[in-house]
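The values are calculated or read from the model by the stated rules, or taken from the named source; none is laboratory data. All figures in this text were calculated on a predicted structure; none of them were measured in a lab. No Cβ is skipped: glycine too gets one built from the backbone with ideal geometry, and neighbour counts run over all protein chains shown.
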Amino acid sequence: MSSTDATPETAASDDVLIVHGGTPLEGEVTVRGAKNLVSKAMVAALLGTSPSILRSVPAIRDVEVVTGLLRVHGVEVELDGDTLYMDPTSVESAGVEEINVHAGTSRIPILLCGPLLHRLGRAFIPDLGGCNIGGRPIDFHLDALREFGAVVEKGPDGTHLSAPNGLHGIRYELEYPSVGATEQVLLTAVMAKGTTELRNAAIEPEIVDLICILQKMGAIIKVHTNRVIEIVGVEELKGYSHRALPDRIEAASWASAALATGGNVFVRGAEQADMMTFLNVFRSIGGAYEVDDDPNTGGIRFWHPGTALKPVALETDVHPGLMTDWQQPIVVALTQADGLSIMHETVYENRFGYTSELRRMGANIELYSDCLGGTPCRWGRRNFLHSAVIAGPSKLHAADLQIPDLRAGFSHLIAAMAAEGTSRVYGVDRYITRGYENFEAKLLGLGAKIERPRP
Ligand SMILES: CC(=O)N[C@H]1[C@@H](OP(=O)(O)OP(=O)(O)OC[C@H]2O[C@@H](n3ccc(=O)[nH]c3=O)[C@H](O)[C@@H]2O)O[C@H](CO)[C@@H](O)[C@@H]1O
Ligand SMILES: C=C(OP(=O)(O)O)C(=O)O
């Protein structure tokens with residue numbers, strides 16, 4: 001099972017955005033539900049005996065992929081505006097070929113295991129996709145599922161699971177607080193027989209929102225101190241009605257774009273509580289922000305105050321640390337800071353590939369295999385280039401860029417908008433649409449000078 005985001009070379013030659021750089025982004029964008037919650041909330045709907053309603057659903061490709069997966073399993077899915085109706089009353093098994101149509105782009109298919117084992121007694125894991133930023137093994141998922149009582153069989157066409165004796169609660173400690181493995185345990189334990197205790201769990205806001213959804217469905221989940229989650233299995237869950245929490249990764253991406261281009265962007269829908277760590281970093285670099293806490297129209301305004309940006313030493317970490325998905329946009333902003341910054345990536349071993357393109361644009365970024373951030377991490381001394389030193393400020397110049405993955409892609413766009421001259425950014429449809437809805441219209445609305453090549 002591998003992470004299968006395509007390599008940059010495979011981006012179609014017409015999948016390109018022309019960016020005329022040098023214009024500060026100014027105006028307003030709206031963020032809707034978080035990519036990393038919405039797709040899991042859709043999987044949770046599979047567990048209900050009645051329909052679920054999910055609001056604030058963004059128009060992104062990961063939602064399309066999970067819609068396809070739910071439909072092949074007999075769930076009726078209808079989108080009305082940004083509200084998703086999911087009726088799981090007639091869940092049925094799907095064939096390997098039908099499932100494989102939706103394989104290879106997202107990591108979500110593995111999260112269907114628990115719900116499908118409960119509903120149908122069997123499940124199949126197709127090839128997983130997602131960003132190509134490390135090995136992304138699924139050993140924690142399979143290990144936990146086996147503990148719950150699942151039988152995991154690897155065949156020539158993929159991994160098949162069954163639960164001949166049903167699933168029962170477990171005491172389980174994650175080696176690392178993996179987001180996906182925590183969600184796997186939650187989605188499986190809620191209907192397993194008995195109580196589950198998960199130690200060293202991830203506690204990202206998207207996980208807390210998933211817990212809220214499961215609670216609405218009838219689950220009993222207690223979040224204790226020290227990353228311990230206790231789940232009391234119940235026999236039946238009903239559908240839910242929920243508004244997804246806003247996408248804090250998209251919000252931070254626009255904030256970084258405002259800073260790197262010397263602009264001023266109001267991100268409607270951005271929430272302070274989920275972005276506290278990012279906001280501290282943004283202010284340390286010298287960016288300015290203001291929170292509007294109106295529950296209906298509020299958000300956060302981010303702007304460059306016109307004074308020199310300051311260098312910082314940062315490390316990515318699990319929540320409440322600095323989110324790894326914020327790393328790339330922040331690094332682009334740091335190319336404009338006055339001095340030496342450090343970024344130590346501790347979550348993924350290979351998330352700096354995109355910096356080679358930034359170097360071609362004139363950024364001064366060196367990569368190291370040592371843990372430069374101060375805290376030794378899992379990747380130290382294993383020859384993974386997982387620390388970056390960024391010397392700024394650099395005058396960025398235009399280049400032709402190949403996007404390697406989702407967040408790197410948005411960061412390439414930011415760099416192209418901050419650079420002098422006209423860049424061509426390849427792979428925007430393939431990668432960026434997976435997590436940023438309507439990004440071209442949003443960029444145009446902020447005054448970005450972008451265009452598609454004429455046929
Ligand atoms: C769809 C989604 O929500 N994606 C997010 C989710 O990814 P995802 O859930 O895949 O990320 P994890 O938190 O599981 O991964 C964190 C680390 O744990 C390792 N690991 C994970 C599982 C496993 O079985 N074995 C193992 O070794 C991974 O290789 C990685 O080094 O959380 C990441 C960390 O916040 C984010 O960057 C992704 O945007
Ligand atoms: C790494 C990411 O997502 P995924 O897990 O879907 O690849 C991301 O959203 O930055």
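So here's what we get for this one:
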item: Count of segment 88-110 residues which are touching a helix residue (DSSP H, G or I) at 6+ places or on another chain (Cβ under 6 Å) and either of a type in the set (S, T, N, Q) or not assigned by TED's automatic domain parsing to the domain that holds residue 131 (or both); result: 3
item: Per-region count, segment 215-229, residues crowded, with 17+ Cβ neighbours inside 10 Å and either within 18 Å of residue 170 (Cα to Cα) or not assigned by TED's automatic domain parsing to the domain that holds residue 182 (or both); result: 4
item: Condition check for residue 337: under 23 Å from the mean Cα position of the chain (by Cα) and small (Gly, Ala, Ser); result: no
item: Among residues of segment 96-133, those that are charged (D, E, K, R) and either in a helix (DSSP H, G or I) or within 16 Å of residue 74 (Cα to Cα) (or both), counted; result: 4
item: The one condition in (1) more than 25 Å from residue 217 (Cβ to Cβ); (2) in contact with a Phe, Trp or Tyr (Cβ under 6 Å, 6 or more places away or on another chain); (3) within 16 Å of ligand 1 (Cβ to nearest atom) that residue 130 fails to fulfil; result: (2)
item: Some residue of segment 298-310 being outside any strand (DSSP E or B), surrounded by fewer than 20 Cβ atoms within 10 Å (Cβ to Cβ) and on the phi > 0 side of the Ramachandran plot; result: yes
item: Subset tally (residues that are within 14 Å of residue 202 (Cβ to Cβ), in contact with a Lys or Arg (Cβ under 9 Å, 6 or more places away or on another chain) and without any contact (Cβ under 8 Å) to a residue 40 or more places away in the chain) for segment 217-237; result: 2
item: Segments classed as strands (runs of 3 or more DSSP E), wholly inside segment 12-87, with at least 3 members that are farther than 28 Å from residue 423 by Cα; result: 52-55, 76-80, 83-87
item: Residue satisfying all of: in segment 374-386; more than 22 Å from residue 130 (Cβ to Cβ) and within 16 Å of ligand 1 (Cβ to nearest atom); surrounded by the most Cβ atoms within 10 Å (Cβ to Cβ) among these; result: 380
item: Condition broken by residue 405, with the remaining ones in (1) in contact with a strand residue (DSSP E or B) (Cβ under 6 Å, 6 or more places away or on another chain); (2) buried (at least 19 other Cβ atoms within 10 Å of the Cβ) satisfied; result: (1)
item: Condition met for residue 66 (within 16 Å of ligand 2 (Cβ to nearest atom) and either surrounded by 22 or more Cβ atoms within 10 Å (Cβ to Cβ) or assigned by TED's automatic domain parsing to the domain that holds residue 350 (or both)); result: yes
item: Of the criteria (1) more than 13 Å from ligand 1 (Cβ to nearest atom); (2) touching a Gly at 6+ places or on another chain (Cβ under 6 Å), which one residue 187 fails; result: (1)
item: Residue 210 being touching a helix residue (DSSP H, G or I) at 6+ places or on another chain (Cβ under 8 Å), of a type in the set (A, V, I, L, M) and closer than 26 Å to residue 378 by Cβ; result: yes
item: Exclusive hit being away from ligand 2 (no atom under 16 Å from the Cβ) and not in a loop (DSSP other than H, G, I, E, B), set 372, 340; result: 340
item: Qualifying residue in segment 150-158 (condition: assigned by TED's automatic domain parsing to the domain that holds residue 88, within 24 Å of the chain's Cα centre (by Cα), more than 7 Å from ligand 1 (Cβ to nearest atom) and under 26 Å from residue 434 (Cβ atoms)); result: no
item: Criterion (part of a helix (DSSP H, G or I), within 16 Å of ligand 1 (Cβ to nearest atom), assigned by TED's automatic domain parsing to the domain that holds residue 169 and β-branched (Val, Ile, Thr)) met by exactly one of 211, 203; result: 211
item: Test set (1) within 25 Å of residue 245 (Cα to Cα); (2) away from ligand 2 (no atom under 16 Å from the Cβ); (3) hydrophobic (A, V, I, L, M, F, W, C) - residue 131 fails condition number; result: (2)
